[in-house]
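The numbers here are math on the coordinates, done by the rules we state, and not lab data. Quick caveat: nothing in here was measured; it's all calculated off a predicted structure. Don't worry about glycine lacking a Cβ; one is built from the backbone with ideal geometry, like all the others, and counts go over all protein chains shown.
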Amino acid sequence: MKLTLENVELYYHRVHALRNLSIEVNEGEIVSLLGNNGAGKTSTLSLISGLERAKSGRVTWGDKDLTKMQPWDMVGAGLLHIPEGRRIFSTMSVHENLLLGGYLVKDQKLVQERADHAYELMPRLAERRDQEGGTLSGGEQQMLALGRALVGGPKLLLLDEPSMGLAPLIVKQVMDIIKQINAEGTTVLLVEQNARSALKIADRAYVLESGRVTMSGTAAELAQDARVIEAYLGA
Ligand code: ATP
């Protein structure tokens, strides 16, 4: 199922946060949204997952009109959003946090299987199964957020700055896990300020500036674009 945003306008009172925004994410892709602070990346994800509503424009996923769906119905349909900051339950164990991802899944055996698979993919979580979520490192918390999403059976995953605050080596590990989750069949929309890391795993990307798409293309094209290099990749 393809995710499509068409000519979206989003306001927060007088702040015009998204301007005539159109993006597409095809099934099976990793698409990255790049841009600096305040460019509108988080707003785009909030709009897709129903936390914000557009003033005008269309947001569809396959034949579903997302502007008419409630966030929990989207979760049930496999549209999962991992917000910035990860939102781990700090006094619950790693395992309890993981199982929470399956709260809408009726088949408990399936929940167990998916949790086992998350541990396989991220052995660091398995080693910390009984540890309190709040005591995990930033990278481990990001892995736990990904694991929790996996237990929900994601078809489309919205990721908000998974690399935030992580050391370069850990960023690489997290990106590799995202790539693997994608290879197993989950479509990914990846918001990142860390353009270098995002372009390594993405198929395509859009650059947002002041709520508008200013550039788009394949990740390989953008990684070689002089404007992208200057503004987002450094010398
Ligand atoms: P960051 O990387 O800093 O999170 P971003 O690209 O995700 O940036 P958004 O958080 O989407 O950007 O913000 C886009 C614009 O909308 C900014 O000008 C921001 O100040 C404004 N904005 C975001 N949320 C609100 C809100 N709840 N109320 C008012 N203005 C908001």
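Below are the figures for this structure:
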read-out: Loop-located GluC sites (Glu not before Pro) in the stretch 110-187, at most 12 other Cβ atoms within 10 Å (DSSP); value: E184
read-out: Counting DSSP beta bridges with both ends in the chain, the antiparallel % (nearest 5); value: 55 percent
read-out: DSSP beta bridge pairing in the stretch 70-193, given as percent antiparallel to the nearest 5; value: 10 percent
read-out: HN-Hα J in Hz across the stretch 180-196 - Karplus 6.51, -1.76, 1.60, θ = phi - 60°, x for Gly and Pro; value: 5, 4, 5, 4, 8, x, 9, 6, 10, 10, 10, 8, 8, 8, 7, 5, 4
read-out: Degrees between helix 138-151 axis and first principal axis of the chain (Cα, 0 to 90, nearest 10); value: 80 degrees
read-out: Percent of Cα pairs exceeding the 14 Å cut-off, where the set is the stretch 81-137; value: 56 percent
read-out: Over the stretch 70-193, relative contact order from alpha-carbon pairs under 8 Å, at least 6 apart, %; value: 35 percent
read-out: Reachable aspartates and glutamates from K64, criterion Cα separation under 12 angstrom, eight or more residues apart if same chain; value: D73
read-out: Given charges at beta-carbon only (K, R positive; D, E negative), |dipole| of the stretch 70-193 in Debye; value: 100 debye
read-out: Overall Cα dimensions of the chain, principal axis frame, Å, largest first; value: 45, 44, 31
read-out: Sequence-distant aspartates and glutamates (8 or more away, or on other chains) whose Cα lies within less than 18 Å of K55; value: E6, E9, D65
read-out: Surface/4 of the Cα convex hull for the stretch 70-193, nm²; value: 7.1 nm²
read-out: Fraction in percent of alpha-carbon pairs per bin - 5 Å, the stretch 132-192; value: 4, 18, 31, 27, 15, 5, 0
read-out: Loop chymotrypsin sites (Phe, Trp or Tyr not before Pro), the stretch 80-152 (other Cβ atoms within 10 Å of the site Cβ: 12 or fewer; DSSP); value: Y103
read-out: Added length on full extension, which subtracts the Cα-Cα distance from 0.36 nm per residue, R129 to L233; value: 33.7 nm
read-out: Pairwise centroid distance, computed over Cα atoms, of the stretch 66-110 with the stretch 152-228, Å; value: 21 Å
read-out: Neighbourhood net charge (14 Å Cβ-Cβ; Lys/Arg +1, Asp/Glu -1) for K68; value: 0
read-out: Dipole magnitude of the chain about its Cα centre (Cβ charges: Lys, Arg +1; Asp, Glu -1), debye to nearest 20; value: 420 debye
read-out: On Cα atoms only, tilt of 108-121 relative to the major axis of the chain in degrees; value: 70 degrees
read-out: Restraint check, K172/K200; K155/K179; K106/K179; K2/K155; K109/K172, Cα-Cα greater than 20 Å; value: K106/K179; K109/K172
